Amino acid sequence: MLSREEWLPLARKLDWDYTYVREDEVFPPVISGHPWLPHAEWKDWEESFKTSYREYVDNQYEKDLAVYAVRDAVGRLENIQKLAAPWLNSLKVHAAALPLAEFTGVIGSLRGARFGRDSAWRTMSTFGALDEYRHTQIPLLLFHQLVRWDSQFDWAHKFYHTNNWFAIAARHFFDELTLGQNAIEFAIGTNFVLETGFTNLQFVGLASLARESSDHMFERMVTSIQTDEARHAQIGHPVLEVLMKHDAEYVQYLLDKWFWRSWRTFSILTGVSIDYLTALDQRPYSFKEFMEEWIIDQYLRTLDEFGLKKPWYWNIFEDELDIYHHMIYASAYTYRATLWFDFVIPSPAERKWLRQKYPKYWDDMDAVWEQVIERWRTTGPGAANEFAVHGTALPTFCDLCQLPLSGGSPRKNTANVLAQDGRKYIFCSEPCRWIFLREPERYANHQDLVKRVLSGEAPAELPKLLTEYFRLTPDTWGKDVYHGAYDWLEAKKTSVA
Amino acid sequence: MPIPLYGFLEGDTLGLLVIAEDAQTVLELTRKLQEAANIRVARNEDVELLYNGKTLDPELTIAQAGLQALDRFDVISRHRV
């Protein structure tokens with residue numbers, strides 16, 4: 001019987017020379033990716049962590065047992081009901097954004113499993129697809145029990161099937177990154193950029209927040225997922241090594257594109273959870289501090305290791321660390337009925353903390369919160385007053401990332417208009433415009449929400465937009481967790497009187 | 001004729017869709033954006049409307065000012081620091 005060390009090379013390297021078909025017919029460039037290279041260029045492809053199918057199944061079985069044990073011990077409904085209300089809404093954000101995005105990762109990984117250019121790559125991608133399927137099913141299983149208690153958790157499955165504005169943006173991102181991507185760009189965009197960098201935000205940062213928030217079920221779930229991510233993320237490095245020898249400029253483009261697109265999505269998903277939906281005394285760090293420690297340092301080291309440059313927009317990105325997710329959260333609070341989870345206004349103590357962590361722009365953001373608070377003070381608290389403290393005009397969205405035009409700062413919004421081929425496009429930022437202009441054929445025909453409303457596809461009136469197009473209901477659309485009844489807001493009212 | 005425009009009010013956190021009419025004045029458009037953003041930005045009377053980098057005369061109509069569908073305009077404080 002072969003030893004493990006003898007078996008792995010035998011099972012991993014299975015390529016042969018084709019005689020009845022050409023290699024580019026087996027691996028068409030359009031789906032294998034650019035640059036198309038003969039297999040001789042890929043034959044030394046090697047992952048750093050090797051495993052066999054038997055080992056894989058044994059490990060996953062043990063990990064699943066651990067998740068089930070934690071669910072049975074601390075993941076019952078009564079445990080979840082004890083969690084702080086803001087954190088529960090952070091859960092709802094991730095319950096919706098995570099599972100079906102992971103399922104698109106199954107499809108992308110399967111493309112690597114078929115069209116990856118070396119058999120070892122294809123083997124690793126097969127395990128990656130199984131991982132992603134697990135990452136789809138575990139959160140669906142864990143959150144399903146909560147639907148009967150709180151229908152907003154129904155969005156764990158429903159979210160990507162709606163035309164909710166955030167679902168449009170998330171689909172635009174994941175459809176390109178994973179679902180419809182060729183094997184090479186998937187390996188760079190997903191395995192290298194997203195999984196070696198940004199998933200740390202979700203699976204390390206959130207695990208830590210969950211622990212602080214006493215949400216041990218979520219902590220265990222994301223930690224378990226992270227161990228899979230760490231394994232299949234390594235697909236990206238050897239792909240990058242080969243590409244760098246043949247088209248370094250293209251590699252730089254793919255990295256710069258996917259770093260920006262990932263930043264846009266994850267700054268919202270994780271930034272809002274860390275800086276707004278976690279109780280102040282349970283925040284071990286700010287979102288910016290976490291980005292600097294876990295994402296930026298590691299990413300820059302990796303770029304340096306491969307002889308790659310920082311993205312050209314690095315100064316813009318660094319500036320956004322101080323402001324972008326704050327702009328989005330304040331905007332979303334004032335359009336909370338357009339989303340499937342509830343919001344909180346940062347308390348005076350939280351605003352003091354935010355000012356300390358984000359001194360560059362906080363004065364401008366604080367003025368926005370003062371105005372929102374003043375509106376609650378005028379109307380008085382109560383569920384009946386939710387829409388009196390809510391935006392009515394249609395928000396606007398970027399033609400690339402499909403997210404609100406919240407780039408720049410309150411003093412200077414960086415949205416910019418492009419007239420091209422008889423049409424007008426608007427972008428939230430220079431990097432979004434740059435990505436669009438590099439591949440206009442890919443993006444030009446996608447309609448953002450504003451253009452859907454103007455063309456009559458989506459209703460213009462807010463109530464119809466919410467119920468008919470976003471598929472929200474009065475039970476599920478977002479509200480202020482406390483309907484404006486904050487102790488500190490009342491206290492201030494009393495002291496003013 | 002309704003003209004959909006992207007409006008950006010200084011102090012706000014996002015752009016808003018504002019539907020203007022040909023015969024409306026620049027001042028009316030300014031007030032419309034301020035009203036739409038008032039939940040986040042306190043009303044400031046001392047503002048001006050910028051279009052293509054130039055301040056527009058508040059008495060001009062939208063048609064005279066040449067604003068086209070899906071253009072961007074900004075409303076900023078007249079004494080911007």
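The values are calculated or read from the model by the stated rules, or taken from the named source; none is laboratory data. Here the structure is a predicted model, which means the values were calculated and not measured. Cβ coordinates were reconstructed from backbone atoms using ideal geometry, including for glycine residues, and neighbour counts include every protein chain displayed.
So which residues in the range A:467-482 are assigned to a loop (DSSP other than H, G, I, E, B), aromatic (Phe, Trp, Tyr) and out of contact with any helix residue (DSSP H, G or I) (no Cβ under 7 Å at 6 or more places or on another chain), if there are any at all?
Residue satisfying the conditions is A:Tyr482 alone.
Do we have A:Phe143 as surrounded by fewer than 24 Cβ atoms within 10 Å (Cβ to Cβ), in the same structural domain as A:Arg211 (by TED's automatic domain parsing) and either assigned to a helix (DSSP H, G or I) or of a type in the set (Lys, Arg) (or both) here? Full working, then the answer.
Working: surrounded by fewer than 24 Cβ atoms within 10 Å (Cβ to Cβ): no; in the same structural domain as A:Arg211 (by TED's automatic domain parsing): yes; either assigned to a helix (DSSP H, G or I) or of a type in the set (Lys, Arg) (or both): yes.
Spelling it out, it is not the case that A:Phe143 is surrounded by fewer than 24 Cβ atoms within 10 Å (Cβ to Cβ), in the same structural domain as A:Arg211 (by TED's automatic domain parsing) and either assigned to a helix (DSSP H, G or I) or of a type in the set (Lys, Arg) (or both).
Just checking, does the range B:69-80 include any residue being more than 12 Å from every other protein chain (Cβ to nearest Cβ), in a loop (DSSP other than H, G, I, E, B), farther than 21 Å from A:Ile328 by Cα and not basic (Lys, Arg)? Spell out the reasoning first.
Our first condition is that a residue be more than 12 Å from every other protein chain (Cβ to nearest Cβ); within the range B:69-80, this holds for B:78-79.
Narrowing the set further to residues that are in a loop (DSSP other than H, G, I, E, B) leaves B:78-79.
From what's left, farther than 21 Å from A:Ile328 by Cα: B:78-79.
Narrowing further to those that are not basic (Lys, Arg): B:79.
Yes, the range B:69-80 contains a residue that is more than 12 Å from every other protein chain (Cβ to nearest Cβ), in a loop (DSSP other than H, G, I, E, B), farther than 21 Å from A:Ile328 by Cα and not basic (Lys, Arg).
Based on this model, can you work out whether A:Lys357 counts as touching a residue at least 60 places away in the same chain (Cβ under 8 Å), more than 9 Å from chain B (Cβ to nearest Cβ) and more than 23 Å from B:Asn38 (Cβ to Cβ)? Write out each step before concluding.
On the way: touching a residue at least 60 places away in the same chain (Cβ under 8 Å): yes; more than 9 Å from chain B (Cβ to nearest Cβ): yes; more than 23 Å from B:Asn38 (Cβ to Cβ): yes.
Yes; evaluated as a whole, the condition is true for this residue.
Conditions (1) within 14 Å of another protein chain (Cβ to nearest Cβ); (2) surrounded by 20 or more Cβ atoms within 10 Å (Cβ to Cβ); (3) under 13 Å from the mean Cα position of the chain (by Cα), marked per residue:
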site: B:Met1; (1), (2), (3): yes, no, no
site: B:Leu5; (1), (2), (3): yes, yes, yes
site: B:Thr13; (1), (2), (3): yes, yes, no
site: B:Asp22; (1), (2), (3): no, no, no
site: B:Arg31; (1), (2), (3): yes, no, yes
site: B:Leu56; (1), (2), (3): no, yes, yes
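Residues in the range A:10-39 that are exposed (fewer than 11 other Cβ atoms within 10 Å of the Cβ) and either closer than 19 Å to A:Ala187 by Cβ or in contact with a Pro (Cβ under 8 Å, 6 or more places away or on another chain) (or both): how many? Can you show your working first?
Within the range A:10-39, the subset exposed (fewer than 11 other Cβ atoms within 10 Å of the Cβ) is A:10, A:16-17, A:19-22, A:25, A:30.
Add one more test, that the residue is either closer than 19 Å to A:Ala187 by Cβ or in contact with a Pro (Cβ under 8 Å, 6 or more places away or on another chain) (or both), and what stays is A:30.
Residues in the range A:10-39 being exposed (fewer than 11 other Cβ atoms within 10 Å of the Cβ) and either closer than 19 Å to A:Ala187 by Cβ or in contact with a Pro (Cβ under 8 Å, 6 or more places away or on another chain) (or both): 1 in total.
Checking the condition under 27 Å from the mean Cα position of the chain (by Cα), within 11 Å of chain B (Cβ to nearest Cβ), part of a loop (DSSP other than H, G, I, E, B) and charged (D, E, K, R), which residue from A:Asp364, A:Asp399 passes?
On the way: A:Asp364 fails: part of a loop (DSSP other than H, G, I, E, B).
A:Asp399 is the lone residue from the list that is under 27 Å from the mean Cα position of the chain (by Cα), within 11 Å of chain B (Cβ to nearest Cβ), part of a loop (DSSP other than H, G, I, E, B) and charged (D, E, K, R).
Can you give me the number of residues within the range B:36-49 that are more than 22 Å from A:Ile345 (Cβ to Cβ) and either surrounded by fewer than 18 Cβ atoms within 10 Å (Cβ to Cβ) or away from every other protein chain (no Cβ under 14 Å) (or both)? Before you say what the answer is, go through the steps one by one.
From the range B:36-49, those more than 22 Å from A:Ile345 (Cβ to Cβ) are B:44-49; that's our starting set.
Imposing the further condition that a residue be either surrounded by fewer than 18 Cβ atoms within 10 Å (Cβ to Cβ) or away from every other protein chain (no Cβ under 14 Å) (or both) reduces the set to B:44-46, B:48-49.
The total comes to 5.
So which residues in the range A:368-390 are part of a helix (DSSP H, G or I) and exposed (fewer than 15 other Cβ atoms within 10 Å of the Cβ), if there are any at all? If you could, list the steps in order and put the result at the bottom.
Of the residues in the range A:368-390, the ones part of a helix (DSSP H, G or I) are A:368-379, A:383-389.
Correct list: A:Glu370, A:Glu374, A:Thr378, A:Ala383, A:Ala384, A:Phe387, A:Ala388.
Hey, does the range A:339-350 have a residue that's crowded, with 23+ Cβ neighbours inside 10 Å and within 11 Å of chain B (Cβ to nearest Cβ)?
No, the range A:339-350 has no match at all.
Checking the structure you have, find out if any residue of the range A:209-228 is in the same structural domain as A:Leu308 (by TED's automatic domain parsing), free of Cβ contacts under 8 Å to residues at least 12 places away in the same chain, farther than 27 Å from A:Lys43 by Cβ and touching a helix residue (DSSP H, G or I) at 6+ places or on another chain (Cβ under 7 Å). So that I can check it myself, show each step before the final result.
Within the range A:209-228, the subset in the same structural domain as A:Leu308 (by TED's automatic domain parsing) is A:209-228.
With free of Cβ contacts under 8 Å to residues at least 12 places away in the same chain added as a condition, the list becomes A:211.
From what is left, the residues that are farther than 27 Å from A:Lys43 by Cβ are A:211.
From what's left, touching a helix residue (DSSP H, G or I) at 6+ places or on another chain (Cβ under 7 Å): A:211.
Yes, the range A:209-228 contains at least one residue that is in the same structural domain as A:Leu308 (by TED's automatic domain parsing), free of Cβ contacts under 8 Å to residues at least 12 places away in the same chain, farther than 27 Å from A:Lys43 by Cβ and touching a helix residue (DSSP H, G or I) at 6+ places or on another chain (Cβ under 7 Å).
Checking the structure you have, find out if any residue of the range A:172-179 is under 25 Å from A:Thr467 (Cα atoms) and in contact with a strand residue (DSSP E or B) (Cβ under 8 Å, 6 or more places away or on another chain). It would help to see each step written out before you state the result.
Pass one, the range A:172-179, residues under 25 Å from A:Thr467 (Cα atoms): A:172-175.
Next, only the ones that are in contact with a strand residue (DSSP E or B) (Cβ under 8 Å, 6 or more places away or on another chain) stay: none.
Checked the range A:172-179: no residue is under 25 Å from A:Thr467 (Cα atoms) and in contact with a strand residue (DSSP E or B) (Cβ under 8 Å, 6 or more places away or on another chain).
Which fully enclosed helices (runs of 4 or more DSSP H) of the range A:271-352 have 1 or more residues being within 30 Å of A:His483 (Cβ to Cβ) and hydrophobic (A, V, I, L, M, F, W, C)? Even if it seems obvious, please write down each step before you answer.
Details: elements: A:287-290, A:297-305, A:314-320, A:324-333.
Result: A:287-290, A:324-333.
Does A:Ala485 satisfy the condition of being within 22 Å of A:Thr392 (Cβ to Cβ) and part of a loop (DSSP other than H, G, I, E, B)? Walk me through how you get there before you give the answer.
Details: within 22 Å of A:Thr392 (Cβ to Cβ): no; part of a loop (DSSP other than H, G, I, E, B): yes.
So A:Ala485 does not fit the description; no.
So A:Val417 passes all but one of these: (1) among the hydrophobic types (A, V, I, L, M, F, W, C); (2) in a helix (DSSP H, G or I); (3) surrounded by fewer than 23 Cβ atoms within 10 Å (Cβ to Cβ). Which condition number does it fail?
The one condition A:Val417 does not meet is (2).
In the range A:423-437, how many are facing another protein chain (nearest Cβ under 9 Å) and touching a residue at least 24 places away in the same chain (Cβ under 8 Å)?
Of the residues in that region, 3 qualify.
Before we move on, is A:Glu468 without any contact (Cβ under 8 Å) to a residue 24 or more places away in the chain and closer than 23 Å to B:Ile19 by Cβ?
yes
Condition test on A:Gln420, is it more than 9 Å from chain B (Cβ to nearest Cβ) and free of Cβ contacts under 8 Å to residues at least 60 places away in the same chain? Lay out the reasoning, then the answer.
On the way: more than 9 Å from chain B (Cβ to nearest Cβ): yes; free of Cβ contacts under 8 Å to residues at least 60 places away in the same chain: yes.
Judged against the criteria, A:Gln420 is a match.
If I filter the range B:69-76 for residues that are closer than 23 Å to A:Leu462 by Cβ and over 13 Å from the mean Cα position of the chain (by Cα), do I get at least one hit?
Scanning the range B:69-76 turns up at least one residue that is closer than 23 Å to A:Leu462 by Cβ and over 13 Å from the mean Cα position of the chain (by Cα).
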